[in-house]
Amino acid sequence: MDTFLFYKELIEISFYEIFGFFPSGLLGFFLALSLIYLLILLINKEKRLPEINVEESDINDLGDPLETKINLARSFIEMGNKEKSKELLEGLLNIEKELSDHQKERIKLLLARFNN
């Protein structure tokens, strides 16, 4: 029972610090607890970020998807994930007709890193 009284006093003191007056009795305890809980809910509600919907057209607006994949493969190499990088680069070479000569050269240079 002492633990209950300790927490009751702790909540009453917290309530006083927030609202400026002491709740009294068991009803005051539950009122204080409810108000503190509502205050916490309001604070957390304000912290939530709005949901962002990303569409395919938004990604394409970032630049050439093929260039993005080449840069991603290079990033995978720098992070040490060479398998994923090699898989991505070889997949790009399978669609050679869509690649420019410069892009083909960059892909071949990146793939050459795996042979060394």
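Quick notes on this one:
- Within the range 2-47: Cβ-based charge dipole about Cα centre, in debye rounded to nearest 20 (Lys, Arg +1; Asp, Glu -1): 220 debye
- Near TYR16: Cβ cut-off under 14 Å, other residues only, Lys/Arg at +1 and Asp/Glu at -1. The net charge is -2.
- Within straight-line reach of LYS104, meaning a Cα separation under 24 Å, sit the following lysines at least 8 residues removed in sequence or on another chain: LYS69, LYS82, LYS84, LYS86.
- Within the shell defined by Cβ-Cβ distances under 14 Å, the residues around SER85 carry a net charge of +4, with Lys and Arg each +1 and Asp and Glu each -1.
- Kirkwood hydrodynamic radius of the range 59-115, from inverse mean 1/r over distinct Cα pairs, in Å: 11.4 Å
- Pair TYR7, LEU109: separation of 7 Å Cα→Cβ label points (nm): 6.5 nm
Taken together, the values in this text are just the output of simple stated rules run on the coordinates, not laboratory data. Not measured: the values here are computed from a predicted model. No Cβ is skipped: glycine too gets one built from the backbone with ideal geometry, and neighbour counts run over all protein chains shown.
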